[in-house]
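Here the structure comes first, spelled out in structure tokens, and everything after it is commentary.
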Amino acid sequence: MGELDEPTVDHVTLPGVLHALSDPTRLAVVAQLASTNEMSCGHLEVAVAKSTLSQHLRVLRESGVTHTRPDGNQRWLSIRRDDLDQAFPGLLDSVLGAMSPTDT
């Protein structure tokens, strides 16, 4: 895969999505994105180094959970909600609904 390659909806797998959502940092990113349409990477509130965040964002993108839109030197993130809901109806809502306030 190239730098910003994302799988088509046909190549999004349940094990890949569950793996992406299994990490607390990645789960916190998804929760933040769920409350907005799109967010700049620089506005994410996470307690990890920038290089570590880049790795987490790569896992989310390559698993099909997020979409990354480059715009100049910025990267804008959004959840691929329609694709996830099509492939795994209710999964994202269940995961987000099960989160406690301390998870974000």
Original post:
Residues of segment 15-31 being assigned to a helix (DSSP H, G or I) and of a type in the set (D, E, K, R), which ones?
Top reply: 26
Subject >> Residues (hydroxyl-bearing (Ser, Thr, Tyr), part of a loop (DSSP other than H, G, I, E, B) and open to solvent by less than 60 Å² (accessible area, probe 1.4 Å)) located in segment 32-87 >> reply: 36
Original post:
Which ones in segment 59-86 are acidic (Asp, Glu) and in contact with a Ser or Thr (Cβ under 9 Å, 6 or more places away or on another chain)?
Top reply: 71, 83
Original post:
Within segment 95-104, can you find the residues that are surrounded by 11 or more Cβ atoms within 10 Å (Cβ to Cβ) and of a type outside the set (A, V, I, L, M)?
Top reply: 103, 104
**OP:** Search segment 26-43 for residues that are more than 12 Å from residue 79 (Cα to Cα) and pair each with any residue that is open to solvent by 20 Å² or more (accessible area, probe 1.4 Å) and part of a strand (DSSP E or B) when their beta-carbon atoms are under 6 Å apart and the residues are at least 6 apart or on different chains.
**Re:** 40/74; 40/76; 41/75
Original post:
In segment 3-29, which residues are in contact with a Lys or Arg (Cβ under 6 Å, 6 or more places away or on another chain) and open to solvent by 50 Å² or more (accessible area, probe 1.4 Å)?
Top reply: 6
Original post:
Quick check, is residue 92 over 15 Å from residue 6 (Cα atoms), open to solvent by less than 30 Å² (accessible area, probe 1.4 Å) and in a helix (DSSP H, G or I)?
Top reply: yes
Subject >> Residues that are closer than 17 Å to residue 27 by Cα and charged (D, E, K, R), drawn from segment 58-84 >> reply: 58, 61, 62, 80, 81
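Table: residues versus (1) more than 17 Å from residue 19 (Cα to Cα); (2) out of contact with any helix residue (DSSP H, G or I) (no Cβ under 6 Å at 6 or more places or on another chain).
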residue	(1), (2)
62	no, yes
65	no, no
70	yes, yes
73	yes, yes
80	no, yes
84	no, no
92	no, no
96	no, no
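The values are calculated or read from the model by the stated rules, or taken from the named source; none is laboratory data. Note that the structure is predicted; figures quoted are calculated from it, not measured. FYI the Cβ positions are ideal-geometry reconstructions off the backbone, even for glycines, and counts take in every protein chain you see. Ligands, DNA and RNA are stripped out before the accessible areas are found, and what is left, the full protein with its side chains, is counted by its heavy atoms. Shrake-Rupley method; radii C 1.70, N 1.55, O 1.52, S 1.80 Å.
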